[in-house]
Structures are given as structure tokens and as C-alpha cells.
Amino acid sequence: MQVIGVVVVALLLSACAQTVKVTPTTLVSEETHTEGISTKVLIQVPPDAVQKLHVESGLVVLGVINDWKIDTHSSLPEAVATLFSQHYEDVVLAKSHHNSCSDCSLIVRPKITDLNVNKVSMQSSVALELPIYDAQGRHVTTLSGYGISPFLSATRVGAGVAGYFIPFLGNVIGSQVVAATVERAFDKALEDVGTKIAREANSGSLARTWLPPDLVRKKSYGQYEYTAEQVARSHGCDMRSDGLRLTEQKYHRERYQAHCWGKPLFTINCEYGRCSADEKSDLAINN
């Protein structure tokens, strides 16, 4: 009877709140990788005081009923930074809640919006959002990702048998089980949002962020700029995402510098309304 009592007490003591830190894989995809967008991206990390753990109450893992505190927030910013570094040259993390950055073009504030673990199947789901702002803190777009893990594995069922009879084993292995199932869902959510980052960085709402800041927030235009844009288009530029910088204006002459994605940086000379291109030098994405 004394042995039984000790086991019962041990099981009760083991049935307490367990904290699990989840670290996703964040694999680099060669299919969506883009080289050299010369834009600084700031990933904002919430201060420690405001980061919250997700709690799954009464979750039965390997024979023990626990409240599982799941920490996905602390690893999220670094994982998102890895995704953006596949496309942008300069990606930094900073603990801040202020939407301002004097030397960057994008500000990202990643967050987990939903996390669930099924009490029976241990199938997890993770939903995340990436609100993205420009350097002045104006909202550009919000990208979302969702992932779900597989159902209960045979390995967990086998370990569960021992978990019923060996005190504390359920907690030790249980933490690994909870972490593994959430990580699978987390990875899929990151893969989902990573595909959207690639699309938006190349041809969507983030496509112009590789341009120099003065072209993104352009306020003045040259007299012959429309004709210069036609010349740029004839050389393969897409003026929905590319840009022209007026570098010289004198009497009836104008000179433009064409920044076109993936093409050589070249000059367009205009005189009396007629424009022609003088192709030279470095790639626009490196300037």
C-alpha cells in the first residue's frame, strides 16, 4: 500500500504545468531564393515583458494530465528573419515596438495568432501573421501562414504505455512529444508564409522595396520622363516595380538612371523630347 501511495503522489506531483520551447527548422528553399535585394529589413522582436506563452490545459500526454505552456514567440522573429534573408541583403532584429527606422525600407512585426494541440490525436496547428510597414510606419501588407502537423504517431503510443507506470517519464518524454508536434506545424506555417514573401518581394506589394528610398517615395518628375519610361520598357523594365531617377536637367536635355530589376543599371539621355538608352555598368540590384 505504501508503494502505491508513493506512486500516486509522484504522479500527482508530475501532473503540473510544463513549459516547452518550440524551435522551428526554417529550411531555406532554393526554389524561392532571390539574390541580392539591397533593402534593409527590420524584424521587431516583442520585449520579453509582453511575450506570452500559449497554454494548453488538461492535455493528456503519455499518461499524465498537464497544463503545457508552449513558447513559440521567442523563436519566431529569428525564423522570420531567416525567411527574409533569402531575398534581402540586410536583415536585422531589434527589440522594439516603434514603427520607425531611418535606414531601412521594411519593418516586420511577426506574431502567432493561433496555436492548438488536439488532446486526443496530438495534431497541432499554428497560424501566424507578418504585418509589414514601410520606414515611416505605414502599413504595406500583412502576410499570413498556416500549418498543421500529422496525427498521433505509433512512437508516442508506445512511450505512453510506460508513461502510465513510471512516474515523471510522462513529463520528460511528453515535453519532447509536444515540442515535436508543434514544431511540425510551425515549420509548415513558415513554409507557407515564406512562399508568399517570395512572391510579394519579386512582383507583389513588396516589389519596389529594393529600389533606393528616393525612388520609392518619388515626388518630382522630369519633363521627358514619360518618353524615358517607354525607352526603359523597350529594354525589359517593368515600371510597376522599377524606377527612373532624374540625374541631370538642363535646358532641353535630361538624363535618367534606370533601376530595373535584374538588369544592368543604365542611363537614358533625352533631348527635345527624344530619348535613347546608354547601357553600362553594374546590376541595378547591387546599387
(message) Just to verify a result, which residue in region 95-106, among those that are touching a strand residue (DSSP E or B) at 6+ places or on another chain (Cβ under 6 Å) and within 25 Å of Val22 (Cβ to Cβ), is most open to solvent (accessible area, probe 1.4 Å)?
(response) Lys95
(message) Need the failing condition index for Ser105 against (1) among the small types (Gly, Ala, Ser); (2) under 27 Å from Thr181 (Cα atoms); (3) touching a Ser or Thr at 6+ places or on another chain (Cβ under 7 Å), just the number.
(response) (2)
(message) Let me spell it out: the conditions are (1) touching a helix residue (DSSP H, G or I) at 6+ places or on another chain (Cβ under 8 Å); (2) modelled with pLDDT of 80 or more, and Ala162 meets all of them except one. Which number is the exception?
(response) (2)
(request) Please name all residue pairs, on different chains or six or more residues apart, with Cβ atoms under 7 Å, provided the first residue is in region 48-61 and is at pLDDT below 75 and the second residue is assigned to a strand (DSSP E or B) and open to solvent by 70 Å² or more (accessible area, probe 1.4 Å). (result) Gly58/Ile65
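The values are calculated or read from the model by the stated rules, or taken from the named source; none is laboratory data. Keep in mind it's a predicted model, so treat the numbers as computed, not measured. In this analysis, Cβ positions are derived from the backbone assuming ideal geometry, glycine residues included, and neighbour counts consider all displayed protein chains. The accessibility values were calculated without ligands, DNA or RNA, using every heavy atom of the protein model including side chains. Shrake-Rupley method; radii C 1.70, N 1.55, O 1.52, S 1.80 Å.
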